[in-house]
Amino acid sequence: MDPCVLCFEDMDMLGFEDERLHTDTCVKLDCGHAYHTQCIIRCLSVSNLGCPNCNKHKTPSQELTREGMAKKLLLELKKEDDVKFLVHEFKESAEEYNQSIVQLKKDIKQFIENRKQELHMSEKRKYMLDCLSKIQSTTKSVAKTKGPQYVGALFSQTGRYWRGTTFERTFFGPQYAYTICRLKSPRLYISLY
């Protein structure tokens with residue numbers, strides 16, 4: 001019998017125009033090409049092309065998908081003078097808007113820097129991290145007196161970073177551990193619309 005063109009292993013069907021619709025391990029598509037059932041399912045689940053054999057031999061006009069046809073027609077429309085003018089106008093307005101966003105970001109960064117200094121954010125953050133570090137080092141000292149399994153428990157880091165460490169979730173609770181993560185790496189996100 002013929003080999004499957006996807007895995008190159010022998011099939012129990014002819015590769016093309018077998019009289020059977022399927023066997024225990026193979027299936028024939030509507031176009032007449034046969035494949036191992038598992039191979040064609042895997043192939044079709046990752047692509048929208050249909051039969052791999054048929055798609056290899058299509059002419060360029062047959063290969064045009066709906067999106068390809070739409071792109072072709074849209075490119076023709078894009079060449080029209082009225083459309084060209086409006087596209088150019090849009091690009092200019094988008095560039096102007098983008099420059100305004102860049103300036104706004106600079107202004108916001110400057111405002112945040114000034115406000116951080118007024119509120120003494122660096123000192124407060126350093127103090128918070130020092131407190132956390134003291135808790136961890138004291139806990140480590142106590143764990144050493146209790147035995148190696150306690151020291152091992154201190155260093156078990158399961159879970160995702162944004163959920164906090166096992167230590168932080170156990171000592172402060174899951175919600176506060178998340179808050180600690182956010183405080184360790186503060187970010188400010190602002191929507192501009």
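Each other residue within a Cβ distance under 14 Å of Lys109 adds +1 if Lys or Arg and -1 if Asp or Glu, for a net charge of +3.
Between Leu104 and Val46, what FRET efficiency follows from the Cβ-Cβ distance if R0 is 41 Å, with the result rounded to 0.05? Efficiency, from the Cβ-Cβ distance: 0.45.
May I ask you to derive the relative contact order of the chain, considering only C-alpha pairs under 8 Å and at least 6 residues apart, and to give it as an integer percent? Intermediate results must be reported in sequence, preceding the final value.
Values: 123 pairs, mean separation 14.1, N = 193.
Relative contact order comes out at 7 percent.
Taking the C-alpha atoms only, the angle from helix 66-78 to the longest principal axis of the chain is near 80 degrees. The slack in the chain from Glu95 to Thr145, taken as 0.36 nm per residue of separation less the alpha-carbon distance, amounts to 11.6 nm. Between the helical axis of 81-119 and the dominant principal axis of the chain, each derived from Cα atoms, what acute angle in degrees is found, rounded to the nearest 10? The helix 81-119 is inclined about 20 degrees to the chain. Each Lys or Arg adds one and each Asp or Glu takes one away; over the other residues whose Cβ falls under 14 Å from the Cβ of Glu76, this sums to +2.
Under 5 Å from the amide H of Cys26 lie the amide H atoms of Thr37, each residue being 5 or more positions distant or on a separate chain, with H modelled from the backbone and absent for Pro and chain starts.
Using alpha-carbon positions, what is the distance between the centroids of the stretch 96-116 and the stretch 164-193, in Å? So the two Cα centres are separated by 25 Å.
Each helix, a run of at least 4 DSSP H residues, gives -39500 (n - 2.57); summed and divided by the residues of the chain, these come to -20000 deg cm²/dmol at 222 nm. Using the Stokes-Einstein relation with a Kirkwood hydrodynamic radius computed over Cα pairs, the translational diffusion coefficient of the chain at 25 °C and a viscosity of 0.890 mPa s comes to 98 µm²/s. Paramagnetic label reach from Leu188 (point 7 Å along Cα→Cβ; backbone nitrogen cut-off under 18 Å): within the stretch 115-130, residues 115-126. Simple spin-label estimate for Glu123 and Arg20 gives 8.5 nm between the two label positions (7 Å along the Cα-to-Cβ direction from each Cα). Where does helix 37-46 land angle-wise versus the long Cα axis of the chain, in degrees 0 to 90, nearest 10? In the chain, helix 37-46 runs at an angle near 60 degrees to the longest axis. Here the Karplus curve 6.51 cos²θ - 1.76 cosθ + 1.60, taken at θ = phi - 60°, turns the phi angles of the stretch 26-36 into couplings of 10, 9, 9, 7, 4, 6, x, 7, 10, 9, 4 Hz, with x standing for Gly and Pro.
We did not get these values from a lab; they are worked out from the coordinates using the rules stated. Quick caveat: nothing in here was measured; it's all calculated off a predicted structure. When we count neighbours, we look across all protein chains shown, and the Cβ atoms used for this are built from the backbone with ideal geometry, even at glycine.
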